[in-house]
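Notes follow once the structure below has been shown.
The values are calculated or read from the model by the stated rules, or taken from the named source; none is laboratory data. Note that the structure is predicted; figures quoted are calculated from it, not measured. Neighbour counts are summed over all protein chains in view; Cβ atoms, including those assigned to glycine, are modelled from backbone coordinates with ideal geometry. These accessible areas exclude ligands, DNA and RNA; they are computed on the full protein's heavy atoms, side chains included. Shrake-Rupley method; radii C 1.70, N 1.55, O 1.52, S 1.80 Å.
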Amino acid sequence: MRGFHIPIWRKMTAKIKKVKMPDLSLQVKIMLYIAALACAVLSIVSITCGGIFPPAAEYAVYTAAGVTLFLSCFYLAGDLDLLKQKIMELARSNTLTARLTDDIEYRSVLFAVCGVCMNIVFALFNGIAGWMSRSAWFGTLSAYYLILGMMRAY
């Protein structure tokens, strides 16, 4: 492509300002979440009890529900990210949970051992249930969980 230069394109895209949503206080966010919940309830009532609102009001409720749902999801994602950061800081303050969050090998072995133990419990339960009820289905489930446990242990 003649005349198309990447550096010029990069300069042009660097000039474009990114649009960010304004930061809201906690009270405003709570009101936004409550408004989204109220609009969702109103739209469900409008759908289930048809004809309760005039058509213009139904469209207004649906529009308000969509807008508040979008905004609340946007702000909730940011709030959950902050909550995750706080929980990770709290988890890293203890030595056991810090090792669990930071050491991948330790976490993998710990959860694999828990999974193997649960598979053994399921295999024993299904084996006993199959033996007591003379059911091939429970015997098959017992064999499945036993094989799954051996594969995880391996």
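Each label point was placed 7 Å from the Cα along the Cα-to-Cβ direction; for Arg107 and Tyr59 their separation is 5.0 nm. Tally up the carbon and sulfur contribution to the accessible surface of region 79-154 as a whole percent, 1.4 Å probe, everything protein left in place. Accessible surface attributable to carbon and sulfur in region 79-154 totals 72 percent. Full extension of the chain segment joining Arg92 with Leu76 gains 3.4 nm, where the gain is 0.36 nm per residue of separation less the Cα-Cα distance.
Annotation: per residue accessible area for region 66-123 equals 74 Å², rounded to a whole number [probe 1.4 Å, protein chains only].
Counting only Cα atoms, the size of the chain along its three principal axes is 66, 58, 47 Å, in decreasing order.
Placing dummy labels 7 Å off each Cα toward the beta-carbon, the span from Ser133 to Val28 is 5.9 nm.
Across the alpha-carbon set of region 83-135, the Rg to Rh ratio works out to 1.33, Rh being the Kirkwood radius. Membrane-span-like helices in the chain, defined here as complete DSSP H runs extending at least 30 Å along the helix axis by their C-alpha atoms with mean Kyte-Doolittle hydropathy no lower than -1.0, are 26-48, 55-92, 104-133; this is a sequence and geometry rule, not a statement about a membrane. Pick from Ser133, Ser25, Ser46 the residue whose mean-square fluctuation is largest in a GNM of the chain, springs joining Cα atoms under 10 Å. Between Ser133, Ser25, Ser46, it is Ser133 that shows the largest mean-square fluctuation.
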